[in-house]
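The values are calculated or read from the model by the stated rules, or taken from the named source; none is laboratory data. Bear in mind that the values here come from a model prediction, so they are computed numbers and not experimental data. As a convention, Cβ positions derive from the backbone with ideal geometry for all residues, glycine included, and neighbour counts pool all protein chains shown. SASA here: full protein model, heavy atoms, side chains in, ligands and nucleic acids out. Shrake-Rupley method; radii C 1.70, N 1.55, O 1.52, S 1.80 Å.
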Amino acid sequence: DNNFQVGGSKVISNRVEVKIAGGLDFPLNKMVRIQQHFDDKKIEDIESTIKEEFKQVSVRAKVVLGQEVAIGCGSRGVANYAKITKAVIQELIKLGAKPFIFPCMGSHGAATAEGQKQVLASYGISEKEMGVPIRATMDTEIVGKLEDGTPVHMDANAADADGIVVINRIKPHTAFRGSTESGLTKMLAIGIGKINGAAAYHQHGMDNFPAILPEVRDVNIRERNVLFGVGVVENAFDETAMIQVIPSDQIAKREPTLLRYAKENMPELKFDNIDVLIIDEIGKNISGAGFDPNITGRNRRGVEWNHRLNIKKIVALGLTKASQGNATGIGGADVTTMRLYKDINIGATYANVITSMNLDGAAIPIIMNTDREAIALAIKTVVRTQPEQCRVVRIKNTLSLGEIEVSQNMLEGVRDNPKLFSIVSEPKDWNFDSRNAIEPFE
């Protein structure tokens, strides 16, 4: 129910009625499709690459004939995730192992076993597609303790297996900086710890994660038979650029190198300032923060975050289906739409932000009835700037930054930097349907 009362006044309903001086029915600047230039190196043959990685003696020696191996897959969007996972399964079977998959994702999927299976299914990781069982539980086993006594939790099915493998993308984290951030170490701490472990470690604060997470990882590796991690790095076009199978005793040494490579190949918005950034879709499969602060520079309250790009207003138009209603990070936007608001699963979103202890991630921005109203409101409220002067950028999401749209008043800067940009289309009017919903970004 989207209707509730505060002091006798209806706050949120199926339609927001609000008086705005001058209204929002002013012309919007035409937009131009441009291409940002990034290194597009990628792996052409996923299966062959993984076969080569499994030829490492240090990897093959970890697998014992007949052992039951738990393969941890997470909630982050990873290019070719299903293909990579299936190739790893096939190589393990060739070595005589009996693999199964377990959701390795903290509190995501509404912190339920079935919800986490659905998250995996949205990536094409299902029993039917993978050919192996998926064992999902929120139960954990305490396998050890940190020096300060904090219990170290592990997914119960993984803890009972003969061996453990985790597969994850290595990338900069959205809320802290360290030698390891989002990747294998985090999955071997937060992900494998389910909601029990995630909540326990977040008690320390994310600013302590650079020290805490490696400590948790090392306890899990010491107390259970973690075979190896499969580290994936992507290029700026959200394509697989590197895959490495790393024996567990080498993760601490090799993951920081892959993180540096990931940072060097991360996409960006190649501007110094943007008045209004329009994001067509946010979601947990896009970023743990819904839309990546590494791209926007807009982070949660209380996080020290130096960033070159200054964005004055952010509009979030929609929520990805793969997020299953988890709108964590929506609080980083200034304006959103009624359609996004109606897609929010409050329980799933709250479970995630409460576990992370960053409650502002679930704060609801100003809601406008339509896409056009949301965009116009953001433009209208940029101070000391007339609507026709606003520097507006539109992106599909923070993973897809190759082709973007910019307002025609930014064209001079684009033309002056041919090494950074090329122009794809002539200036065009915005394309809204009869309900003022914007045509999807393709």
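Computed per residue of the chain from DSSP H runs no shorter than four, each worth -39500 (n - 2.57), the mean residue ellipticity at 222 nm is -7500 deg cm²/dmol.
When the chain is described by a simple charge dipole with +1 on each Lys and Arg Cβ and -1 on each Asp and Glu Cβ, the residue from Gly361, His37, Phe228 located farthest towards its positive end is Gly361.
Oblate is the label for the range 134-188, because the ratio a/c of its alpha-carbon gyration tensor axes (a ≥ b ≥ c) is 1.5 or higher and a/b is not greater than b/c. Fraction of C-alpha pairs exceeding 28 angstrom in the range 116-263: 16 percent, rounded to a whole number.
Only loop residues by DSSP count here, and only those with at most 12 other Cβ atoms within 10 Å; note down the GluC sites (Glu not before Pro) in the range 113-177 that meet that.
Passing sites in the range 113-177 are Glu147.
How about the range 8-113: which GluC sites (Glu not before Pro) there lie in a loop by DSSP and see at most 15 other Cβ atoms within 10 Å? Working shown, then result.
Details: sites: Glu17, Glu44, Glu47, Glu52, Glu53, Glu68, Glu91; in loops: Glu17, Glu44.
Qualifying residues, ordered by number: Glu17, Glu44.
With the convex hull constructed from alpha-carbon coordinates only, the range 43-198 shows a mean projected area of 9.8 nm² over all directions. Within the range 333-406, all pairs of alpha-carbon atoms sorted by distance into 10 Å bins from zero give the percentages 16, 36, 35, 12, 0. Evaluated over the Cα positions of the range 206-333, the convex hull gives a direction-averaged projected area, one quarter of its surface, of 9.3 nm².
What does the C-alpha gyration tensor say about the overall shape of the range 260-389? Classify as rounded when a/c is under 1.5, otherwise prolate if a/b is larger than b/c, or oblate.
Details: a/c = 1.72, a/b = 1.09, b/c = 1.57.
Because a/c hits 1.5 or more and a/b fails to exceed b/c, the range 260-389 counts as oblate.
For the range 1-146, the relative contact order works out to 18 percent when only alpha carbon pairs closer than 8 Å and six or more residues apart are counted. The mean sequence separation of alpha-carbon pairs under 8 Å and at least six residues apart, normalised by the residue count of the chain, gives a relative contact order of 20 percent. Put simply, the range 1-113 fits an ellipsoid with semi-axes of 51, 26, 9 Å; these come from the alpha carbon gyration tensor as the roots of five times its eigenvalues, largest first.
How high is the relative contact order of the range 78-142, given as a whole-number percent (alpha carbon pairs under 8 Å, six or more residues apart)? Walk me through the intermediate numbers first.
On the way: 58 pairs, mean separation 24.3, N = 65.
RCO, the range 78-142: 37 percent.
For the range 352-408, the list of trypsin sites (Lys or Arg not before Pro) that fall in a loop by DSSP and count at most 14 other C-beta atoms within 10 angstrom reads Arg384. For the chain, the orientation-averaged shadow of the C-alpha convex hull comes to 22.2 nm² (one quarter of the hull surface). Once you treat every alpha carbon in the range 375-438 as an equal point and sum by Debye, what is log10 I(q)/I(0) at q = 0.22, 0.25 Å⁻¹? Treating every Cα as an identical point scatterer, log10 I(q)/I(0) equals -1.15, -1.29. For the residues Pro214, Pro172, Pro27, a GNM of the chain with alpha-carbon springs under 10 Å puts the largest fluctuation on Pro27. Surface calculation, 1.4 Å probe, protein heavy atoms: Asp218 sits at approximately 70 Å² accessible.
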